Amino acid sequence: MRRFGRKWRWSVRGRTAVRYLSALFGRTPKAAQENNKSLVYQAATALAQALLLLLIGVLRLPDARTFKTMIRDTSAQDRRMEQPARSHKRWVAIGAAAAAVVVALIWVVPAVARLVSAGSSVSASSVRIAAVRRGTLTRDISAQGKVVASVSPTLYATAAGIVTLQIHAGDKVEKDQVLAEVYSPELNNKLEQEQATFNSLGIEVERTGIDNRQKQLTAKKVFDQATIDRQTAARELDRNERGFKAGAIPEINMLRAKDSLAKADVEVAHAQADAKLLDETLAFELKTKRYSLEKQKLLVGELQRQVDQLKVRSPVAGQVGQLLVQQKANVPINTGLVTVIDLTSLEVELQVPEVFAHDLTIGMPAEIAEGAQKYKGELSAVSPEVVNNQVVARVRFAADKPAGLRQSQQLTTRILIDERPNVLMVERGSFVDTGAGRVAYLVHDGIAERKAIQVGATSLNAVEIVSGVKEGDRIVISGTDSFNGAEKVVLN
């Protein structure tokens, strides 16, 4: 055996080690190999091969060909062989090799078991990991807005005609200053016609008044005549009564005088009634004429107002924005002519993500930045309509505002919603949307483990975590679609 031992080669020992390892690791479960574990098992196999090779070299184990040669020739069995003394260094080498094997197994076996228990593996460079910390969560919205005027009227042509512009874009104007004038022949002609009708009705009313006075005089004349006739009849009756009593006048004359007086009384009463009724009739006719005149007066006033509006005046003091038509252009009715900007009431209009719309309240404090300067403001309006997942909001300058602002100028605006002190929070990432704020992957020793969490308030760069983690934990904040919902994922 000593003779054969001197001829052993490390190549033989290596092949023997390979056969031992093949028998040991050749029955690796296919399910594990199919679960992205091939690299792990290859690494473990290579490490075990190296350790076993070292052990074979130290212990000098024979290979299969050596045993075959020894069995073929048995003549040496009758000879007495002296067993060489084992060297002290050899036992030290054996112990060192055994200790190395034990240490390697202690390190490799738990790691392999941990990797086998994971459901998937993902490259660590493809995910973002952040630590959970405690601090003050400031909920705010920051967006790029544009300067708009809260009062920015557009002036229109109230009638078809030819436009004469009296200003230029950018000119400063005062309130009620004439900016443009529209010449409308049709409207001016109609005003003149209605004015002539008004004048005619005025004359008609005056003539009716004269006629009424004349008729009233005639009626008064009839009444006065009837009154005089009655007085005459009364005196005639008095004379006949005295003559009848004296026996100078027959009774028939006295009776005729009484009838004449009665007839005069009837005529006086009728004349008085006719005069009163005539006064009422004439007053009604005159009132009707005056109503027609008043109606025509209102019509003329309306036409005059329309003609006056042909002179387009600025409703506010400010600056001319845009000229919407050319000089001396023939425009139809309701055509935009010019825009005016009220520089005393400027606001910043910005687009806010829909998720923050329900948190916005009129009057919230805001901060408007122009270069290095910052100005205070407050939220003045929030649109009730959502367009492309955005809501339009407006911020008004609180007191001071930058000088020389222009329409549509870009300014950075920040709306402060609220502050939450001493809360657990983590950097905001796609995991909030991927897991609907209820699931996160906690990272420990290269393994991402699925955990149930509860998300609270959110800001643009941080998320409050109410439960599921503690301070110092590290979680995956990027999207976890590649994890496929696995409970544990290896981060390579």
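Can you tell me which of 104, 111 is modelled with pLDDT under 60, of a type outside the set (Phe, Trp, Tyr) and touching a helix residue (DSSP H, G or I) at 6+ places or on another chain (Cβ under 7 Å)? Steps first, answer last, please.
Details: 111 fails: touching a helix residue (DSSP H, G or I) at 6+ places or on another chain (Cβ under 7 Å).
One residue alone meets the criteria, 104.
Residue check: is residue 286 within 60 Å of the chain's Cα centre (by Cα) and within 30 Å of residue 303 (Cα to Cα)?
Working: within 60 Å of the chain's Cα centre (by Cα): no; within 30 Å of residue 303 (Cα to Cα): yes.
Here the answer is no, as residue 286 does not meet what is asked.
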Segment 419-475, residues that are among the charged types (D, E, K, R) and touching a Lys or Arg at 6+ places or on another chain (Cβ under 6 Å): 449, 471
Pick from segment 241-252, criterion among the hydrophobic types (A, V, I, L, M, F, W, C) and outside any helix (DSSP H, G or I), ranking: farthest from residue 220 (Cα to Cα): 248
Segment 393-416 - residue that is buried (at least 18 other Cβ atoms within 10 Å of the Cβ) and among the aliphatic types (A, V, I, L, M) and, of those, farthest from residue 145 (Cα to Cα): 415
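Each row is one residue, and each column tells you yes or no for (1) part of a helix (DSSP H, G or I); (2) in contact (Cβ under 8 Å) with a residue 12 or more places away in the chain; (3) over 30 Å from residue 204 (Cα atoms); (4) not aromatic (Phe, Trp, Tyr).
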position	(1), (2), (3), (4)
234	yes, yes, yes, yes
239	yes, yes, yes, yes
254	yes, yes, yes, yes
257	yes, yes, yes, yes
268	yes, yes, yes, yes
273	yes, no, no, yes
276	yes, no, no, yes
284	yes, no, no, no
288	yes, no, no, yes
Residue tally, condition over 37 Å from the mean Cα position of the chain (by Cα) and among the basic types (Lys, Arg), over segment 472-492: 1
Residue in segment 375-385 that is at pLDDT 85 or above and among the polar types (S, T, N, Q) present: yes
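The values are calculated or read from the model by the stated rules, or taken from the named source; none is laboratory data. This one's a predicted model, so the numbers in the text were calculated from it and none came from an experiment. All Cβ positions, even for glycine, are placed from backbone atoms using ideal geometry, and neighbour counts span all protein chains on display.
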